[in-house]
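Working notes, structure below.
A short reminder: the numbers here are calculations on the coordinates, not readings from a lab. Just so it is clear, the model here is predicted, and its values are computed rather than measured. We place every Cβ from the backbone using ideal geometry, glycine too, and count neighbours over all the protein chains shown.
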Amino acid sequence: MAAIETTDLTKRYGDLVAVDGLSLSVEEGEVFGFLGPNGAGKSTTIDMLLNYTPPSGGEARVLGHDAQSETMAVHRRIGVLPDDFELYGRLSGRRHVEFAIDSKDADDDPAAIIDRVGLDPEDAERPASEYSKGMAKRLALGMALVGDPDLLILDEPSGGLDPHGIQEMQDIVRTEAESGTTVFFSSHILGQVEAVCDRVGILSDGQLAAVDTIEGLRETAGTGAKVTMEVDGTPDADIAEIDGVADVTTDGGTLVVSCHDPTAKAEAIARANGDGATVRDVHIEETSLEDLFTMYTTGADADRTGESGTGRSDADGQTTEQPEVVA
Amino acid sequence: MSATLVARKDFADAARSRLLWGISALFVLFIGVIVYAAETVGDPPSATATLSILVVPVQLIVPIAALVVGYMAIVGERRSGSIKMLYGLPHRRGDILLGKLLGRSGVMAASVAVGFVAAAALLLVLRGPVDFGSFLGFAAVTALFAMTFVAIAVGISASVSTRGRAMGLALGFYMVFNFFWDAIASGVYYLINGSIPGLEVEAWYFLLKRLSPIQAYKHVASLAFDRDVNGIALFPAEDLSAATGPEDLELANRVIGELPFYLEDWFALVILALWALVPVTIGYLRFRNADLG
């Protein structure tokens, strides 16, 4: 059974489509990174999984229960760390944890929870209004851990945390995952997902742009490259038209060609060095996971997927031309 | 179970609010001034009669205090986002609403209790003991009145998605029912009959007037004192020039025909109960499907 299963999940606000026909499956026991820039629809998706927000269409099932009609069955077995939240300013941190324990009818020791998320026991006695954003995040994470949930939903958990806090949060995620807890965790920063996630889904404009393991994404990224050329003059040939080229930018004498097909590099250099311009220097950079994420979540992404389907065989045929590289 | 947990947490949170203590202090101060003022007039009334004068300041202060205590109960959590944490825990929306209602009702009941203990102490020092039955009854109906307004406020709070709307509705409710209700009732009468109400009027007009929870409270307080007490004057647009003496103005003499059951004082309890139930039910129906994202 999938821990999270959405089918064609959609949320519209008037004309704006925040989440657009999302079909996603998160397996039990996996750590799933839900990645995307701010405004991509991550929080809206989580809001629908938790029944904070009713969907405009489609369905969400969490731990086998319908998110909308069986909300309590879901909420009893999950831990939630919301993105944007405030604490009850007049109540102590400890009181917050006790409230979560009572609410979930759990038998956790508040002190142990507070210790686990790295909150100072003395701070736990202070009213929550005095907490920094990082402390509030730790406390909320502690409340999410109460009752040993089967699924942890963490919305931008690293926001407001210092590097040390992020490290600790990742350790907690790993420990939870080792004990069999499914972790669904959203972020707009790839690096934080990369470190802990088994699989990653990349959301862009409310749609799932890619779902893959980190390894798989790395392989995809490995086939791409960025070719930076120093040229004098302006090449007449249309480099952007080459199959396998995602993007071309010119800045004075510098020409940057992003390729997602390895065979396109040579053709790009060859064309740049044709009539009207001479290539003075070439620098080739392999696409990083970060670049790939940017490609998936920006306008270049649309061009890329649009061309890649037909590009391969043509590009293969053209690589026989030997590029003349002037060092 | 779930609702009582929310209620306890909410009470603990609200009880630490300076606003609440400010309201309690204001209430005690008002009572002190009234009791003291009644004491210094030429022919001081009995301790129990002095107590009954408190109906007027209660009508003015308790509703606004209860609205202030309750209007942010739900919408405040929605604006701050703390509702995401609260509802992320296994509490139904109905339990959250009920818990809030109980928690804030507890807060107002505590404030009223503090005010009444202060009033009793002051009266005891200045005038001797009050009639214990009247005192208890008056305190009980006032607590009920306060909780009714908490229910109205929580109902408003659950119905809207912004603080501004909640505040506008709460303030509007207070203004309409505390200052304009009788004028509105006269206006309705005028629209139907083409003239403003005279000395003798159909019974429904008087019912309309006491549909205001603030007027209903006056009649409920009359029950506690076992005699008619004075409430705030609302200046209805009525032509009473035909009256020859105060007895002409008594309700039984103004109603055309028999005094119907719904104009007896006990029926005001039913009116208060409706106010305690209807707005919060509407609030629940709206909150049940609200977008909390």
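Calculated on the alpha-carbon coordinates, the convex hull of the stretch B:1-142 measures out at 104 cubic angstrom per residue. Enclosing the Cα atoms of chain B in their convex hull gives a volume equal to 143 cubic angstrom per residue. Between residue A:72 and residue A:251, the contour length at 0.36 nm per residue exceeds the Cα-Cα span by 58.7 nm.
On the principal axes of its alpha carbon atoms, the stretch A:134-217 extends 33, 27, 22 Å, with the longest extent given first. Evaluating 6.51 cos²θ - 1.76 cosθ + 1.60 at θ = phi - 60° for every residue in the stretch A:134-147, the Karplus couplings come out as x, 5, 4, 5, 4, 4, 5, 5, x, 5, 5, 7, 4, x Hz, glycine and proline recorded as x. Placing unit charges on the Cβ atoms only, positive for Lys and Arg and negative for Asp and Glu, gives the protein assembly as shown a dipole magnitude near 3720 debye about its Cα centre. Straight-line cross-link partners of residue B:209 among the lysines, defined as a Cα under 16 Å from its Cα and at least 8 positions apart when in the same chain: B:218. Going from the fewest other Cβ atoms within 10 Å to the most, the residues A:283, A:96 appear in the order A:283, A:96.
May I ask for log10 I(q)/I(0) of chain A at q = 0.08, 0.11, 0.16 Å⁻¹, from a Debye sum over the Cα atoms as equal point scatterers with solvent left out? For chain A, the Cα-only Debye profile gives -0.48, -0.77, -1.22. Across peptide A:87-95, how many C-beta atoms of other chains are within 10 Å of each residue C-beta, on average? For peptide A:87-95, the averaged partner shielding equals 4.
Would you please give the FRET efficiency between residue B:17 and residue B:162, computed as 1/(1 + (r/R0)^6) with r the Cβ-Cβ distance and R0 = 25 Å, to the nearest 0.05? For R0 = 25 Å, the calculated efficiency reads 0.75. Computed packing ranks the peptides A:12-24, A:109-121 as A:109-121, A:12-24, most packed first, by mean other Cβ atoms within 10 Å. The H on the amide N of residue A:207, modeled in the peptide plane, is under 5 Å from the matching H of A:20, each at least 5 residues off or on a different chain.
Which number gives the lysine pairs in chain A that have C-alpha atoms under 25 Å apart and are eight or more places apart or on different chains? Taking the Cα cut-off of 25 Å, the pair count is 6. The 3J(HN,Hα) values that the Karplus relation (6.51, -1.76, 1.60; θ = phi - 60°) gives for the stretch B:73-79 are, in residue order, 3, 9, 5, x, 5, 5, 5 Hz. Gly and Pro appear as x.
Structural size metrics of the stretch B:182-268, computed from C-alpha coordinates, are Rg and Dmax of 12.7, 38 Å. Between residue A:286 and residue A:107, the simple spin-label model (points 7 angstrom out along Cα→Cβ) gives 5.2 nm. Each of A:45, A:210, A:200 was placed along the dipole of chain A (beta-carbon charges, centred on the mean Cα), and the one lying farthest toward the positive end is A:45.
Per-peptide packing, taken as the mean over residues of other Cβ atoms within 10 Å, places B:192-200, B:213-221, A:194-202 in the sequence B:213-221, A:194-202, B:192-200 from highest down. Each of A:182, B:244 has some number of other Cβ atoms within 10 Å of its Cβ, and from fewest to most they run B:244, A:182. On the beta carbon distance between residue A:25 and residue B:289, with R0 = 35 Å, the FRET formula returns roughly 0.80. Taking the fewest neighbouring Cβ atoms within 10 Å as the starting point, the ordered list for A:143, A:72 is A:72, A:143. For the protein assembly as shown, the convex hull drawn through the C-alpha positions has a volume of 219 cubic angstrom per residue. A full extension of the chain between residue B:117 and residue B:281 corresponds to an added length of 55.8 nm, given 0.36 nm per residue minus the alpha carbon distance.
Other residues within the sphere of radius under 14 Å centred on the Cβ of residue A:16, judged by their own Cβ, net out at -2 (K and R +1, D and E -1). Rounded to the nearest 5, the antiparallel percentage of DSSP beta bridges internal to the protein assembly as shown is 70%. Membrane-span-like helices of chain B, defined as complete DSSP H segments with a Cα extent of 24 Å or more along the helix axis and a mean Kyte hydropathy of at least -1.0, are identified as B:18-40, B:93-127, B:132-159, B:267-288.
With a Förster radius of 45 Å, plug the Cβ-Cβ distance of residue A:133 and residue A:13 into 1/(1 + (r/R0)^6) and report the FRET value to the nearest 0.05. For R0 = 45 Å, the calculated efficiency reads 0.95.
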